[in-house]
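Q: Below are the structure tokens for one structure; questions will follow.
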Amino acid sequence: MSSLAVLAPVLLFMAVMLLVSAVLSRAQGHASQKGSSHFLSEYFIGSRSLGGFVLAMTTVATYSSVSSFVGGPGQAWEIGFGWIYMSVVQVTMLILLLGVLGKKLALAARQINAVTIIDIIRHRYQSDLLATLSAVIIVIFLCATMIAQFVGGAKLFEAVTGLPYLAGLALFGLSVVVYTTVGGFRGVAVTDAVCAVFMLAGMVVLLAGLLQQGGGFAAIMTDLASRKPELLEPLSAGQMPVSLYISQWVLVGLCVLALPQSAVRCLSYESTRSLHRALVIGTVVIGAMNIGMNLIGVLSAGVLTDDLAAYGGSIDNIIPRLIASMSPLVAGFCIIGPIAATISTISSLLLAASSSLVKDIYLYELGRRGLPVSGRRVTFLSQGCTLLLGLASFLLSIDPPSVIWKINMFAFGGLESAFLWIFLLGLFWKKANRTGGLAAICGGTLSYCLAMLWGIRPAGLHPIVIGIAVSLICFLAGSRLGQSVSPAVLKCYFASAWEDGDREDGKQAATAGPDRQGQA
Amino acid sequence: MDYRHKLQQADREARASGLAALAIIVFWTLAGFGASLFDVTLFHVPLWALAGCLGTWLFAIVLCVWLARRVFRNFDWEDEAAGRDPVCREEGTAAVPPAGQPRALPAQGHASGQGEDASMTCPRGGTHE
């Protein structure tokens with residue numbers, strides 16, 4: 001395959017990403033002139049100015065990673081429609097994230113001037129320890145995930161173009177690090193939106209090419225029905241047990257609202273109208289992507305008809321093989337989809353990890369000690385940390401140590417086990433307190449990691465159910481034992497805290513009344 | 001709408017969203033596993049796959065439109081964005097003292113939050129620890 005013809009669309013795409021980011025970075029200059037608080041708000045949440053379309057696209061693009069475009073459809077090739085049926089549970093993501101958390105997080109964030117999710121945790125639970133622990137967990141898990149994304153993207157690039165692994169890694173890896181550093185959250189959000197559009201476009205082109213190769217939808221389906229009828233069954237001849245469906249509902253359906261890199265988007269939108277629009281647009285797009293890409297996986301079984309061994313023994317080779325079978329220019333365009341999915345996830349993870357390090361740990365500690373930090377230094381630290389973190393992840397991706405793969409394996413469920421109840425109960429249960437939060441984050445993360453490590457699967461379910469259950473028990477027990485949070489803090493999150501306050505005022509007035517009368 | 005009523009509205013919307021997610025789970029189960037009991041094929045695709053995948057997606061979109069139009073309410077952020085901070089003024093609960101936000105200590109009379117900060121200092125003891 002002509003590498004240049006395949007490379008040209010990708011190079012053009014990366015150039016557009018860099019350009020968009022550079023143009024949008026001008027907003028940081030204006031914000032920086034107004035002070036470091038404005039810069040931080042601009043750099044880490046885009047000055048809360050996202051519109052509905054960009055909010056929807058950045059939320060979907062952040063969530064859709066290289067596995068949504070490579071690993072998932074590869075599984076669909078092997079399992080069939082059951083895999084699409086399982087992956088469609090992700091249409092609840094926007095409803096849960098924006099519908100359940102969206103407005104409450106936005107209200108509280110504006111009330112307390114929070115720039116990161118950890119700002120909210122620190123304030124709600126009044127705990128530096130919980131905030132620092134959260135920041136550390138976020139940095140570790142997100143960095144490992146980021147490295148896995150780098151590797152996945154580069155391997156795909158290598159498989160499709162035939163160019164060396166390092167060339168692909170350098171091409172999109174360095175670009176994403178640079179444009180994230182330069183553009184900050186606004187750059188990441190807008191480039192995410194562009195990525196999401198290209199993901200959809202690449203998917204449509206790939207589907208069209210696949211249908212052409214297979215002689216049309218009807219021909220492929222007739223072939224599958226006669227040759228591989230199990231692909232048309234929901235349980236796929238035992239390959240998709242009910243326990244797997246339940247596990248996936250928990251892991252990628254219901255608990256995704258606990259992912260900090262997604263939740264931070266609730267702090268960044270401009271108006272309630274933006275949120276309402278994003279809810280609808282995002283659900284349309286995430287459904288289209290999941291159904292579309294996995295349908296491509298299923299249909300590719302009608303084109304790539306050999307055993308898995310013929311494709312290198314890995315389902316991860318199915319989609320690259322399919323793309324490589326297209327004409328060079330079409331392949332060049334199709335590869336943009338998975339690359340866009342990779343870089344949009346990396347950029348958001350990088351910024352979330354960087355904000356945890358710079359703002360939630362370093363700047364907070366300086367502030368706590370009363371040490372002054374100039375506006376220029378804040379700018380330098382924010383961009384410098386993003387750049388260094390990105391470069392370190394990039395370098396580690398060249399030859400990732402095995403421990404990275406282990407951490408990555410634990411990352412998704414680990415973050416959910418750590419933060420699900422901290423977010424949910426913190427925002428919707430007044431009695432949630434720091435003891436409960438600390439117990440939940442420690443108990444949930446630890447139990448999940450151990451269950452993963454030892455392969456504990458109750459009733460064949462994914463270890464996430466252990467993490468979530470232990471985290472909940474720890475949270476409830478801790479909150480019962482711990483000291484309740486101050487009413488002034490609770491007023492930021494609970495309407496009923498105001499009613500409690502009114503009742504207290506009423507009691508005081510009633511007590512004070514006779515005295516006043518006596519004095520009179 | 002004041003802050004307290006915005007919180008009440010946000011709670012209502014969260015409850016409705018949770019119920020919507022529950023409705024999707026029920027629909028998904030009936031449309032997929034339920035329909036798989038019937039050996040029906042439409043456009044070369046089994047009915048359970050069409051209803052369970054496309055059907056669930058369309059049902060979720062309808063629910064989102066219903067939520068956005070009928071349940072969710074628009075309100076502005078005026079009180080919050082202006083940095084008036086009417087809620088978190090009690091000493092020892094300083095909202096987000098750190099990270100470049102030079103919130104004045106409660107004792108100093110007001111919570112600025114939006115001020116200039118060529119150099120920033122933060123109050124000690126933002127939390128109870």
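Q: Just add up the charged neighbours of A:Ser447: K/R +1, D/E -1, any other residue whose Cβ is under 14 Å from the Cβ of A:Ser447. Could the numbers behind the result be given before it?
A: Details: positive: A:Arg457; negative: A:Glu416.
So the environment of A:Ser447 carries a net charge of 0.
Q: By its C-alpha gyration tensor, with a ≥ b ≥ c as the square roots of the eigenvalues, how is region B:3-71 shaped: rounded for a/c under 1.5, else prolate for a/b larger than b/c, else oblate? Don't jump to the answer; show the numbers that get you there.
A: Numbers: a/c = 6.32, a/b = 3.06, b/c = 2.07.
In terms of gyration-tensor shape, prolate.
Q: Treat every Asp and Glu Cβ in chain A as -1 and every Lys and Arg Cβ as +1, leave all other atoms uncharged, and give the resulting dipole magnitude about the Cα centre to the nearest 20 debye.
A: Working: 31 positive and 23 negative charges, 298 e Å.
That gives a dipole near 1420 debye.
Q: Kindly express, to the nearest 10 degrees and within the range 0 to 90, the angle between helix A:52-63's C-alpha long axis and the longest C-alpha principal axis of chain A.
A: That helix lies at roughly 70 degrees to the long axis.
Q: Moving on. Kindly provide the helix-only [θ] at 222 nm of chain A, computed as the sum of -39,500 (n - 2.57) over DSSP H runs of four or more divided by all residues, to the nearest 500 deg cm²/dmol? All intermediate terms of the calculation are to be shown ahead of the outcome.
A: Working: 26 runs with 380 residues, N = 520.
So the helix-based figure for chain A works out to -24000 deg cm²/dmol.
Q: What would the Debye formula give as log10 I(q)/I(0) at q = 0.10, 0.11 Å⁻¹ for the alpha-carbon point model of the protein assembly as shown, no solvent?
A: Scattering profile of the protein assembly as shown, log10 relative to I(0): -0.89, -1.07.
Q: Here's another thing I want to ask about it. Along the charge dipole of the protein assembly as shown, Cβ charges K/R +1 and D/E -1, which of A:Ala352, B:Gly32, A:Gly506 sits furthest on the positive end?
A: A:Gly506
Q: By how many nm would the segment from A:Leu19 to A:Leu450 lengthen if fully extended, with 0.36 nm per residue of separation less the alpha-carbon distance?
A: Working: separation 431, 0.36 × 431 = 155.16 nm, distance 4.45 nm.
Stretched fully, the A:Leu19-A:Leu450 segment lengthens by 150.7 nm.
Q: To the nearest 10 degrees, how steeply does helix A:464-481 sit against the main Cα axis of chain A, on a 0 to 90 scale?
A: Compared with the principal axis, the helix lies near 0 degrees.
Q: Based on other C-beta atoms within 10 Å, arrange A:Trp454, B:Trp66, B:Trp77, B:Trp57 from fewest to most. Let's see the in-between values first.
A: Details: A:Trp454 9, B:Trp66 13, B:Trp77 17, B:Trp57 22.
Ascending Cβ contact count within 10 Å gives the list A:Trp454, B:Trp66, B:Trp77, B:Trp57.
Q: Using a Förster distance of 45 angstrom, determine the FRET efficiency expected from the C-beta separation of A:Leu388 and B:Arg15, and round it to 0.05. Before the final figure, lay out the partial values.
A: Working: r = 43 Å, r/R0 = 0.96.
For R0 = 45 Å, the calculated efficiency reads 0.55.
Q: What's the Cα-based Rg to Rh of region A:316-387, Rh via Kirkwood? Let's see the in-between values first.
A: Numbers: Rg = 20.2 Å, Rh = 15.2 Å.
Here the Rg-to-Rh quotient is 1.33.
Q: Please determine, in degrees from 0 to 90 and to the nearest 10, the orientation of helix A:375-398 with respect to the longest principal axis defined by the Cα atoms of chain A, where the helix direction is its Cα long axis.
A: Value to nearest ten degrees: 40.
Values in this text are rule-based calculations from the coordinates and carry no lab data. The structure presented is a predicted model; accordingly, all values stated were derived computationally and were not measured. Note: ideal-geometry Cβ built from the backbone for every residue, glycine included; neighbour counts use all protein chains shown.
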